[in-house]
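Below are the structure tokens for one structure; questions will follow.
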Amino acid sequence: MLSETLWEIAKAEVENRGSSGGEGDGLEIGEKSVFFIGSKNGGKTTIILRCLDRDEPPKPTLALEYTYGRRARGHNIPKDIAHFWELGGGTSLLDLISIPITSDTLRTFSIVLVLDLSKPNDLWPTMENLLQATKSHIDKMIMKLGKTNSKAVSEMRQKIWSNMQKDHPDRELVDPFLIPLVIIGSKYDIFQDFDSEKRKVMCKTLRFVAHYYGASLMFTSKSEALLLKIRGVINQLAFGIDKSKSICVDQNKPLFITAGLDSLSQIGSPPVPDNDIGKLHARSPMELWKKVYERVFPPKSMNTLKDTKDPARDPQYAEREVDEMRTQKDQPELAVCIVLHPAWVQHHVWSENELLDLASGPGFEAQPCS
């Protein structure tokens with residue numbers, strides 16, 4: 001009996017892994033993507049570096065950045081790969097959301113929304129714009145995928161809804177993302193010193209939004225204990241590590257609520273006096289919570305949420321040759337008047353091209369226009 005060739009052994013190994021480790025139509029579960037979006041300077045890069053055990057100072061994210069991490073599952077088993085994408089600029093670069101999320105990558109994707117708790121007036125508009133833009137694009141990709149692989153879409157829906165028990169009273173009242181979503185409130189160390197009533201409004205509002213979209217919700221800060229908990233959550237998204245079942249809904253402590261474990265009855269009604277709630281005209285529960293939140297934390301102009309700094313002038317991206325060419329291009333062109341001999345203009349109307357052809361001929365004089 002002839003021994004198997006190396007190619008045959010490798011082929012058999014791949015087929016074996018495809019049949020035992022796949023997810024829907026043989027999709028490898030060993031390669032996933034996590035997309036970080038959220039508040040500008042909210043701590044997204046810091047969380048990514050912590051999850052990857054990289055001891056380096058975080059740098060501002062210019063636009064859309066990519067990195068990756070690997071994790072060994074065992075001896076002689078290929079390492080799992082996690083792709084980490086990060087959107088910079090807060091809400092100013094929403095169009096870039098479509099780059100990493102495609103119909104081909106959708107089934108292995110997760111979203112992490114990082115919100116800066118220390119800036120409550122910016123929180124709702126940042127959250128709303130990013131979630132709406134992301135959900136809109138995901139819905140388009142779901143429709144595109146459904147045309148070629150309806151089974152995959154069905155499996156995605158089933159997986160997301162499995163986070164909520166079948167007898168959960170809110171199943172008909174929520175609209176979850178069809179890919180895993182985690183909302184992280186950063187800078188808890190600053191937030192914990194807020195007035196208790198303001199903390200109550202923020203906590204209840206974020207709990208409602210997270211529950212409505214089928215997301216997990218947790219707060220973090222520079223605390224090593226909190227960072228380790230966040231790292232565990234991200235590792236679950238990136239490498240499929242067992243999901244934590246712990247829960248903390250106490251507004252005096254860092255929130256930690258896994259998707260599907262909260263409920264509208266536990267969250268309660270929007271924190272507004274009973275005689276005022278009737279004055280708030282809203283077409284949906286989400287709009288009602290928004291109005292209540294904005295009464296306490298009026299939003300700033302959206303222009304202030306955008307990054308107006310020109311990255312081309314940032315010293316960390318300086319390139320001498322490119323910058324010199326850019327400087328030349330940005331310089332205003334010198335307006336020039338063409339002065340012709342009077343005899344040339346008596347019986348002829350000159351076109352622009354004809355005038356340019358005369359530039360090197362006799363009777364031409366160039367001087368700045370006054």
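Could you tell me the relative contact order of region 27-294? Use alpha-carbon pairs under 8 Å, at least six residues apart, and round to a whole percent.
The normalised contact order for region 27-294 reaches 19 percent.
Once you've got the Cα coordinates, tell me which of K200/K229; K159/K229; K151/K229; K187/K245; K253/K300 are over 25 Å apart.
From the list (K200/K229; K159/K229; K151/K229; K187/K245; K253/K300), the Cα-Cα distance tops 25 Å for K151/K229; K253/K300.
Round to a whole number: what % of the accessible area of region 27-294 belongs to carbon and sulfur, probe 1.4 Å?
With neighbouring chains kept in place, the figure for region 27-294 is 50 percent.
Let me ask something else about it. If a/c stays under 1.5 just call it rounded; otherwise compare a/b with b/c (prolate if a/b is bigger, oblate if not). Do that for region 101-223, with a ≥ b ≥ c from the square roots of the Cα gyration tensor eigenvalues.
Prolate shape, in that a/c is at least 1.5 and a/b is the bigger ratio.
Give or take rounding to whole Å, what are the principal axis extents of the alpha carbon atoms in region 193-295, in descending order?
47, 29, 19
Something else: Sorted by packing (mean other beta-carbon atoms within 10 Å per residue), highest first, where do 140-147, 78-85 land?
So the order, starting with the most tightly packed, is 78-85, 140-147.
Roughly how large, in nm² to one decimal, is the mean projection of the convex hull of the alpha-carbon atoms in region 27-294?
Projected over every direction and averaged, the Cα hull of region 27-294 covers 15.3 nm².
Something else now. Which value, in Å², gives the accessible area per residue of region 63-133 when a 1.4 Å probe is used on the protein heavy atoms?
Per-residue value: 41 Å².
The values are calculated or read from the model by the stated rules, or taken from the named source; none is laboratory data. Just so you know, these numbers come straight off a predicted model, no measurement behind them. Positions of Cβ are generated from backbone atoms using ideal geometry, with glycine treated the same way; all protein chains shown enter the neighbour counts. All accessible areas refer to the heavy atoms of the entire protein, side chains included, with ligands and DNA or RNA removed. Shrake-Rupley method; radii C 1.70, N 1.55, O 1.52, S 1.80 Å.
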